[in-house]
């Protein structure tokens with residue numbers, strides 16, 4: 001596939017005074033990209049606040065829709081995961097928009113860098129958005145809707161949600177890159193993501209279910225954590241292998 | 001390019017389907033519990049298997065497309081996925097009929113195959129809208145291939161995940177395909193072969209039809225002059241650049257030999 | 001390995017069933033300027049993007065700075081600069097932040113960013129978001145971006161558009177001369193027959209994706225260029 005076009009040894013150039021490194025290390029490039037993402041997000045606040053507010057509103061809607069003051073067990077797991085998933089869709093929709101609209105892809109494609117640095121940077125960005133989202137949404141959920149105490153559930157909840165986030169971030173980034181160059185980018189993002197995320201919903205909800213009950217304060221079944229982990233791994237690899245093809249022209 | 005193979009395929013399909021139908025109605029024994037309705041199993045399960053293999057095949061063809069950049073692979077991938085989607089809808093419909101007949105409901109969540117197919121259908125239903133929403137034909141092919149590979153990898157994983165999740169609810173409602181008595185197994189096998197041949201024939205047909213249409217278009221365009229350059233109509237189907245090149249050669253009087261475009 | 005900066009033979013790039021570029025041939029020695037003329041849709045931008053390694057050739061051979069595209073695109077990327085229609089800058093970031101970002105992508109040290117900001121007279125407004133600046137100022141920053149890593153080959157799409165004469169004077173030396181004092185090898189797309197011709201060593205005229213005119217600049221009449229547009 002694109003193996004030839006990666007990991008190229010840098011070439012000597014005539015100009016010496018510019019003081020440039022030949023081919024910047026991928027780690028540094030990812031750092032530069034992350035910095036840029038953070039700056040743009042801080043200036044525009046277009047993703048994280050929206051996602052968090054959406055999650056809070058969704059909890060309120062669930063209260064009325066389900067006609068319940070509190071939820072437990074599998075209902076709680078479902079409400080939490082569905083809310084997080086739909087809020088994540090908002091983030092996915094906006095992930096590459098700034099780059100596509102302001103020519104950011106070309107600028108990156110012209111640089112002598114590994115192209116997967118963009119994938120890594122964007123996945124980490126989306127992951128960061130999801131973590132911040134959960135820092136708001138999970139306590140809010142515990143406050144508003146959860147019938148059992150949140151505290152004891154937290155350690156395993158954090159582990160499970162982290163696995164869920166990794167999967168959502170990997171798939172979300174791939175789908176976002178696919179959708180951004182289409183005419184119906186806001187529509188295709190969620191349409192493509194949701195079926196792909198079903199196994200994560202399955203693993204995540206089943207894993208979280210026992211944590212959100214009064215009586216059974218057990219750990220999640222390893223089967224579901226393994227499902228999540230394997231799914232994350234496979235799709236991470238697929239995204240890594242295919243991302244280059246989405247960038248070039 | 002497609003003529004001879006098409007004839008052989010069509011004939012074999014007709015023969016196989018006829019045999020299968022004969023076996024289903026006259027040879028296979030009536031199942032104890034479900035009676036005549038059970039015979040839909042000989043349509044439903046082969047549809048399902050062929051559709052699934054079709055989706056995975058679409059992914060493999062897409063890998064070839066990305067590796068070689070030859071638009072013909074994208075074309076095959078498109079047709080195969082398109083056909084598999086139709087077979088998937090067929091699976092859902094026959095499965096639904098079977099569920100209604102033996103369980104009383106048009107839809108059952110406890111049958112993991114059916115549920116997995118619903119998810120897979122929802123995913124692949126976005127394939128054509130995705131293609132249609134990208135104007136640049138080369139980008140369209142490339143993005144479609146990326147999607148086909150991702151979705152193709154997703155199909156088996158989805159099946160495993162859904163099966164895991166329904167394991168707790170009920171045992172399989174619609175019966176498994178193992179431990180089949182010999183007559184049923186034979187009928188099933190023949191039905192499977194017939195379905196696979198039907199799939200292959202229909203794909204060939206679609207490929208041949210599109211190819212011919214594209215040839216005519218290209219020749220017409222060459223004769224009219226390149227003046228009316230972009231016709232503007234967006235399409236979800238991939239373009240056939242190599243056909244244009246072939247048409248150019250034909251017009252110049254050279255033989256239309258097979259030509260692999262693009263540089264690598 | 002030839003000494004030519006660019007060697008293009010039989011370049012074809014299709015857009016679906018239509019040819020955006022068809023059978024284009026050209027060569028350009030180092031330190032020379034190629035100016036490309038042609039009406040809209042003739043394929044100028046496509047040609048520029050192919051040379052910039054952003055588009056793959058569908059047929060023919062392209063060699064940029066001694067490397068064959070697309071197999072060796074990676075070898076050439078850091079040595080190219082491009083100034084497109086879009087400034088390729090983030091509107092929410094400041095000029096300085098944008099240039100620093102590009103500097104990190106190219107492994108250029110940060111002092112160079114300040115040098116260039118001064119060179120395009122944007123030092124005083126370098127800390128304001130780009131969306132507050134005028135088009136001309138953004139274009140100046142875009143020029144700075146394109147020469148930040150001192151490329152051997154510069155690809156320019158109407159570089160002087162949006163610039164007032166004073167800005168053009170500021171920017172022209174950056175575009176014209178490299179860090180080592182030698183002239184830059186350049187490919188410029190232009191709509192200005194007299195101005196473009198003045199800068200050209202070689203002229204390429206494109207019409208409907210084909211090379212209608214390819215000659216040394218001193219043998220080209222401005223009327224021929226105007227003729228391309230009819």
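Each row is one residue, and each column tells you yes or no for (1) out of contact with any strand residue (DSSP E or B) (no Cβ under 6 Å at 6 or more places or on another chain); (2) in a strand (DSSP E or B).
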| residue | (1), (2) |
| --- | --- |
| C:54 | yes, no |
| C:61 | no, yes |
| C:75 | no, no |
| C:85 | no, no |
| C:91 | yes, no |
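Residue A:232 meets the conditions (1) at pLDDT below 95; (2) more than 10 Å from every other protein chain (Cβ to nearest Cβ); (3) crowded, with 22+ Cβ neighbours inside 10 Å in every case but one. The failed one is (1).
Which count do you get for residues in the stretch C:24-40 that are in a loop (DSSP other than H, G, I, E, B) and more than 14 Å from chain B (Cβ to nearest Cβ)?
Within the stretch C:24-40, the subset in a loop (DSSP other than H, G, I, E, B) is C:30-32, C:38-40.
Now drop any that are not more than 14 Å from chain B (Cβ to nearest Cβ), which leaves C:30-32, C:38.
The total comes to 4.
Taking the numbered list (1) within 13 Å of another protein chain (Cβ to nearest Cβ); (2) touching a residue at least 24 places away in the same chain (Cβ under 8 Å); (3) crowded, with 23+ Cβ neighbours inside 10 Å; (4) not in a loop (DSSP other than H, G, I, E, B) in turn, residue C:105 passes all entries but (2).
Looking across the stretch A:47-63, the residues that are out of contact with any helix residue (DSSP H, G or I) (no Cβ under 6 Å at 6 or more places or on another chain) and either within 14 Å of chain C (Cβ to nearest Cβ) or touching a residue at least 60 places away in the same chain (Cβ under 8 Å) (or both) come down to A:60, A:63. Number of residues in the stretch C:62-100 that are within 22 Å of residue C:152 (Cβ to Cβ), facing another protein chain (nearest Cβ under 7 Å) and over 17 Å from the mean Cα position of the chain (by Cα) equals 3.
Quick check, is residue C:163 surrounded by fewer than 22 Cβ atoms within 10 Å (Cβ to Cβ) and modelled with pLDDT under 90? Yes; evaluated as a whole, the condition is true for this residue.
Go through (1) without any contact (Cβ under 8 Å) to a residue 12 or more places away in the chain; (2) within 23 Å of residue C:164 (Cα to Cα) for residue C:74 and report which single condition fails. Every condition holds for residue C:74 apart from (2). Inspect the stretch B:47-65 for any residue being surrounded by fewer than 15 Cβ atoms within 10 Å (Cβ to Cβ), under 27 Å from residue B:156 (Cβ atoms) and without any contact (Cβ under 8 Å) to a residue 40 or more places away in the chain and give the result as yes or no. Checked against the condition, which is being surrounded by fewer than 15 Cβ atoms within 10 Å (Cβ to Cβ), under 27 Å from residue B:156 (Cβ atoms) and without any contact (Cβ under 8 Å) to a residue 40 or more places away in the chain, the stretch B:47-65 yields no hits at all.
Out of the residues in the stretch C:1-23 meeting the condition of being away from chain B (no Cβ under 14 Å) and assigned to a strand (DSSP E or B), tell me which one is surrounded by the most Cβ atoms within 10 Å (Cβ to Cβ).
Of the stretch C:1-23, the ones away from chain B (no Cβ under 14 Å) are C:1-7.
Filter once more, so that each one left must be assigned to a strand (DSSP E or B): C:4-7.
Numbers: C:4: 18, C:5: 23, C:6: 21, C:7: 19.
So the residue we want is C:5.
Within the option set B:97, B:86, B:119, B:81, being under 20 Å from the mean Cα position of the chain (by Cα) and surrounded by fewer than 20 Cβ atoms within 10 Å (Cβ to Cβ) holds for one residue only, B:86. In summary, residue B:150 fulfils each of the numbered conditions (1) facing another protein chain (nearest Cβ under 9 Å); (2) modelled with pLDDT of 95 or more; (3) under 30 Å from residue B:212 (Cα atoms) with the single exception of condition (3).
Checked against (1) modelled with pLDDT of 90 or more; (2) out of contact with any strand residue (DSSP E or B) (no Cβ under 8 Å at 6 or more places or on another chain); (3) surrounded by fewer than 22 Cβ atoms within 10 Å (Cβ to Cβ), residue C:71 meets all criteria but (1). Any residue in the stretch B:52-61 that is farther than 30 Å from residue B:142 by Cβ, part of a helix (DSSP H, G or I) and touching a helix residue (DSSP H, G or I) at 6+ places or on another chain (Cβ under 6 Å)? No, the conditions are met nowhere in the stretch B:52-61.
Checking the stated criteria, residue C:97 turns out to be assigned to a helix (DSSP H, G or I) and at pLDDT 90 or above.
Scanning for something more than 9 Å from chain C (Cβ to nearest Cβ), at pLDDT 85 or above, out of contact with any helix residue (DSSP H, G or I) (no Cβ under 6 Å at 6 or more places or on another chain) and assigned to a helix (DSSP H, G or I), does the stretch A:19-28 turn up at least one residue? Spell out how you get there, then give the answer.
Looking only at the stretch A:19-28, we keep the residues that are more than 9 Å from chain C (Cβ to nearest Cβ), and these are A:26-27.
In the following step, the residues that additionally are at pLDDT 85 or above were identified as A:26-27.
The next check asks that each one be out of contact with any helix residue (DSSP H, G or I) (no Cβ under 6 Å at 6 or more places or on another chain); those that pass are A:27.
Those still in the list that are assigned to a helix (DSSP H, G or I) too: A:27.
Yes, that holds for at least one residue.
Looking only at the stretch B:54-91, residues that are modelled with pLDDT of 95 or more, more than 18 Å from residue B:196 (Cβ to Cβ) and away from chain A (no Cβ under 14 Å) come to 1 in all.
For the stretch A:173-195, indicate whether the set of residues that are free of Cβ contacts under 8 Å to residues at least 24 places away in the same chain, over 20 Å from residue B:121 (Cβ atoms) and out of contact with any strand residue (DSSP E or B) (no Cβ under 9 Å at 6 or more places or on another chain) is non-empty. Yes; the residues of the stretch A:173-195 include at least one that is free of Cβ contacts under 8 Å to residues at least 24 places away in the same chain, over 20 Å from residue B:121 (Cβ atoms) and out of contact with any strand residue (DSSP E or B) (no Cβ under 9 Å at 6 or more places or on another chain). Would you check if residue A:153 is on the phi < 0 side of the Ramachandran plot, crowded, with 18+ Cβ neighbours inside 10 Å and either within 14 Å of chain C (Cβ to nearest Cβ) or over 20 Å from the mean Cα position of the chain (by Cα) (or both)? Here the answer is yes, as residue A:153 does meet what is asked. Taking the stated definitions as given, is residue C:114 part of a helix (DSSP H, G or I), free of Cβ contacts under 8 Å to residues at least 24 places away in the same chain and out of contact with any helix residue (DSSP H, G or I) (no Cβ under 9 Å at 6 or more places or on another chain)? No; evaluated as a whole, the condition is false for this residue. Of the residues C:26, C:47, the single one that is closer than 16 Å to residue C:153 by Cβ and surrounded by fewer than 23 Cβ atoms within 10 Å (Cβ to Cβ) is C:26. Looking across the stretch B:122-144, the residues that are facing another protein chain (nearest Cβ under 7 Å) and within 16 Å of the chain's Cα centre (by Cα) come down to B:122, B:123, B:126. Just name the residue that is modelled with the lowest pLDDT out of those in the stretch A:116-137 that are surrounded by fewer than 21 Cβ atoms within 10 Å (Cβ to Cβ) and more than 15 Å from the chain's Cα centre (by Cα). Going through the qualifying residues, I end up with A:116. In this structure, is residue B:20 under 13 Å from the mean Cα position of the chain (by Cα), surrounded by 20 or more Cβ atoms within 10 Å (Cβ to Cβ) and part of a helix (DSSP H, G or I)? Against the criterion (under 13 Å from the mean Cα position of the chain (by Cα), surrounded by 20 or more Cβ atoms within 10 Å (Cβ to Cβ) and part of a helix (DSSP H, G or I)), residue B:20 does not qualify. Considering the stretch C:180-230, the residues that are within 14 Å of chain A (Cβ to nearest Cβ) and surrounded by fewer than 17 Cβ atoms within 10 Å (Cβ to Cβ) include one that is nearest to residue C:58 (Cα to Cα), namely C:183. The residues of the stretch A:29-65 that are surrounded by fewer than 17 Cβ atoms within 10 Å (Cβ to Cβ) and not in a helix (DSSP H, G or I), listed by number, are A:45, A:46. Being crowded, with 22+ Cβ neighbours inside 10 Å, under 18 Å from the mean Cα position of the chain (by Cα) and facing another protein chain (nearest Cβ under 8 Å) is a property that holds for residue C:52.
Residue A:199 meets each of the listed conditions (1) facing another protein chain (nearest Cβ under 10 Å); (2) more than 14 Å from the chain's Cα centre (by Cα); (3) surrounded by fewer than 23 Cβ atoms within 10 Å (Cβ to Cβ) apart from (3).
The values are calculated or read from the model by the stated rules, or taken from the named source; none is laboratory data. All figures in this text were calculated on a predicted structure; none of them were measured in a lab. We place every Cβ from the backbone using ideal geometry, glycine too, and count neighbours over all the protein chains shown.
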